[in-house]
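The values are calculated or read from the model by the stated rules, or taken from the named source; none is laboratory data. Predicted model, so just to flag it, every value in this text is computed and none were measured. Please note: Cβ atoms are built from the backbone with ideal geometry, for glycine as well, and neighbour counts cover all protein chains shown.
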2 protein chains.
Amino acid sequence: MKAPSIVEDPIYHRVAERIEGLITAGTFRSGDRLPSVRSLSRDWRVSVTTAIGAYSLLEDRGLVEPRPRSGYYVRPRRLSPEKLPRQVEFESDPVEVGCAEITEKVMDASATPGIVPFGAAVPADEILPAAKLAALYASVIRAAGPAAHQYSMPPGLPALRVELAKRLLGAGIAVSPEEIIVTSGAIDAVLLAVKSVCEPGDVVAVESPTYFGILSMVRELGYKVVEIPVFSDRGVCTAALAEAFATHPVKACILQPNYHNPVGSVMPDAEKKRAVTLAKQHGVTLIEDDLYGDLHFGEKRPRSLKAFDPGDTVIHCGSYSKSLAPGLRVGWIVPGSRYHRIKSLKYATSLANATASERVVAEFLQSGGVERHLRKARRIYARQTHEIREAILETFPGAIRVTQPEGGFLLWCQMPEGFDSEAFALAALKRKISIVPGTIFSASCGLRNCFRISCGFPLDDRSRRALGILAKLAEG
Amino acid sequence: MKAPSIVEDPIYHRVAERIEGLITAGTFRSGDRLPSVRSLSRDWRVSVTTAIGAYSLLEDRGLVEPRPRSGYYVRPRRLSPEKLPRQVEFESDPVEVGCAEITEKVMDASATPGIVPFGAAVPADEILPAAKLAALYASVIRAAGPAAHQYSMPPGLPALRVELAKRLLGAGIAVSPEEIIVTSGAIDAVLLAVKSVCEPGDVVAVESPTYFGILSMVRELGYKVVEIPVFSDRGVCTAALAEAFATHPVKACILQPNYHNPVGSVMPDAEKKRAVTLAKQHGVTLIEDDLYGDLHFGEKRPRSLKAFDPGDTVIHCGSYSKSLAPGLRVGWIVPGSRYHRIKSLKYATSLANATASERVVAEFLQSGGVERHLRKARRIYARQTHEIREAILETFPGAIRVTQPEGGFLLWCQMPEGFDSEAFALAALKRKISIVPGTIFSASCGLRNCFRISCGFPLDDRSRRALGILAKLAEG
């Protein structure tokens, strides 16, 4: 969509400089919509051609970007590569998962009132479709009568599975409602998937970093893990994946292909294809946690890993915990040939999901309000993530590196070697600020110089002050 | 409460005989309230003294029973011991749990529309407090705003834990809200409990028969089991418990002390005390599933096992799935010293419960409607259980033995040796009737001549016809 540079006339340059000045001064911030060509022409008394020329010049310089049918926006600051987190070396032999204690401390903190919530990956209250959900609970439960309170046995409410099957098409997955099992969130789905493939003592490949809940689960289930590095620009390192599959008796591999937690990366389609091919070659089951896939900042949803699996290599897992509301506990699994095994496991481990939640989500999906909500949520997350990122880069010591995700609402920050993110997290908690230290995203308790910042909440005065405090703590 | 026999005068006898005739004819059935002394005196033109005398005579003969402030009721038929199920001998060495396939078939059947539901242990729609719950979902979720849709992280909603702590007093358990963790139903609670104590390969003692969901869970978690017999008149055999604890390296023992599923037994207080003492002596953790304790037909709730544990031997688990509504998925655990371990496990395996359910149950408990609902449910279950039991004894071959529970809504039926309850269950399914075969209540797939009948639904024309079909199938 990039417009060609058409201007050399100095008047364009002067207008462009004034706009750049407003961006530098913070009048327009990262992600903000800039004045339209028409209003610029009117307000600054320049011709439409001059206004277009100025924006084209700024676009060439990487400061603004056009969006179709919407105008020009302040472009998130493109960093030179040295501002993005570096890849680190680590042990790749199977290890048992460590670091449990601090995980719980961090999770407990997220539930503490008065905490500035850069820790847990939860949406701000304002983003939740609370009024819509309240209306649905009122109408749906009354209309369903007693059926709303009976068991919803596996595979879960048929009407919900129909809606899920429709929505999965958007992720490139074509399955019938009979091929889906409803779960209590994504963690339940991933647990069922991995248990359907592995026995205690088996080797599971996990990303490093990866969501600490996956590590806690893998630890509790008694698996050994091989860690595979994740790149912030293309997700899991498929070369390392190939080596791990060739070297170790890997049974399953848990990947977050889209808007990875915590790194924010998306695997390009070619990498997704490659991962599926590799896994198939080595008889490894890929377990895909596509929890954040619907929260894309750009126009299009990235495709799921399962979309590249013509066979039975990928078990797809997802949830509405991040895209609709965490409290619903409605997730799903597309188990392929492991359908019956996973349905039995669901009976044996949790029996059934909350029936009211299943009915409310089914009706929400059916009545068509979900896409409107998602458009709003994506816009807010894009803005919050960009703003908080900019604020971190402004406030923190210059050595910090921060990811620049194009979906989700998480930032992964890297400080120089020697930085202790656990001490940092505990000091922050004392100041009533939560962040998540890097160690708990690593099976081997590495990544000590990294931490995760959630952008589920807006950058307001309070959180801006909190970032200032964090920056001081980080300086040591 | 038994009144002394005060009558010898023939007029009492004649009145008593007439009442007995009405009972025999089925005008008044097991559990029915009989005409009051006053209305009997008025309608039959006898003196109040004569009416009292007649009831006292019938009471002496075991046909009616007085209930305080309520009048006289038809007493459930007291059977001679040969009508109650016999204890069977079986292997007591640790075994791996078998018989998974048919369990799922039976569970799937319970969700099939048009099935006569003697299978799954679920309440009839009419018993559920659906209107009340619908009103609560409407008001509670609206009032809570976005908080109703955020994560409710372990240990669960504080307001709910306060109400649970209050109600646990009724079971003889005095704990603070801080000593309770909210779970997704009882099965989640028992799973967390057993995982907090055992590693795969460890030996767990289970009752035989026991709820098949416990056996599926134990199988999935990779434990070995020792089976301990259950008596229908006093619950688990504590002598066998003592022997098992002395002989095998038992780590944990899962017991249903009150209205056992499927046997319906209640452990007398002395037996509860003895089980706790034995477990303490041998360092075994008792895991109590007190799911049915609130559904007592008599005046008083039986005490929980935990009520007899001054120390840290018993982990108490419960749920509102049977007493309020299955679809809520609200249970709880009182983990004692394993609190932190179990909270971590909850984070790692299911993260959080459905927030809306927790809030609705908290408000239901707080607003005081639960006890009224329970009084109604107990009355209905008492009636249904007695009626279905009577109908089975009338319809089935004379050799059948049936338990006579004093709470819950389950009947355990025993046919002569050689009877194949799995074939029986599959034949019944073909006739669109679900029952649960005995084998799936046994880790070693024994108890083949037994089956379970759920009395969650009323004995109407349809289910009476179904019992007739079952009786014919049972005759072979």
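Here is how the numbers come out for the structure above:
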| read-out | value |
| --- | --- |
| Residue in the range A:182-191 that is at the interface with chain B (Cβ under 7 Å from one of its Cβ atoms) and of a type in the set (D, E, K, R) present | yes |
| Strands (runs of 3 or more DSSP E) wholly inside the range B:312-418 that include at least 3 residues being within 24 Å of B:Asp233 (Cα to Cα) and at pLDDT 95 or above | B:314-319, B:410-414 |
| Hits in the range B:31-71 - residues which are in a loop (DSSP other than H, G, I, E, B), among the hydrophobic types (A, V, I, L, M, F, W, C) and under 30 Å from B:Gly407 (Cα atoms) | B:Leu34, B:Leu63 |
| For B:Arg372: the one exception among (1) away from chain A (no Cβ under 14 Å); (2) crowded, with 20+ Cβ neighbours inside 10 Å; (3) not hydrophobic (A, V, I, L, M, F, W, C) | (2) |
| Residues satisfying the stated conditions in the range B:112-168, i.e. facing another protein chain (nearest Cβ under 8 Å), crowded, with 19+ Cβ neighbours inside 10 Å and either in a strand (DSSP E or B) or among the hydrophobic types (A, V, I, L, M, F, W, C) (or both) | B:Ala120, B:Val122, B:Leu128, B:Ala130, B:Leu133, B:Ala134, B:Ile141, B:Ala148, B:Ser152, B:Met153 |
| Residue match in the range B:298-318 (condition: within 14 Å of another protein chain (Cβ to nearest Cβ), under 30 Å from B:Arg383 (Cα atoms) and not small (Gly, Ala, Ser)) | yes |
| The range B:169-186: number of residues that are charged (D, E, K, R) and surrounded by fewer than 16 Cβ atoms within 10 Å (Cβ to Cβ) | 1 |
| Pairs, first within 19 Å of A:Tyr381 (Cβ to Cβ) and in contact (Cβ under 8 Å) with a residue 12 or more places away in the chain in the range A:440-466, second in a helix (DSSP H, G or I) and among the small types (Gly, Ala, Ser), C-beta under 7 Å, six or more apart | A:Phe457/A:Ser463; A:Leu459/A:Ala391; A:Arg464/A:Ala391 |
| Hits in the range B:338-352 - residues which are facing chain A (nearest Cβ under 7 Å), of a type in the set (A, V, I, L, M) and under 27 Å from B:Gly311 (Cα atoms) | B:Leu345 |
| Residue match in the range B:205-220 (condition: over 21 Å from the mean Cα position of the chain (by Cα) and either crowded, with 24+ Cβ neighbours inside 10 Å or of a type in the set (Ser, Thr, Tyr) (or both)) | no |
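Rundown of residues vs (1) among the aromatic types (Phe, Trp, Tyr); (2) modelled with pLDDT of 95 or more, yes/no style:
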residue	(1), (2)
B:Pro129	no, yes
B:Leu133	no, yes
B:Tyr137	yes, yes
B:Ala143	no, yes
B:Met153	no, no
B:Gly156	no, yes
B:Ala165	no, no
B:Leu168	no, no
B:Ile173	no, no
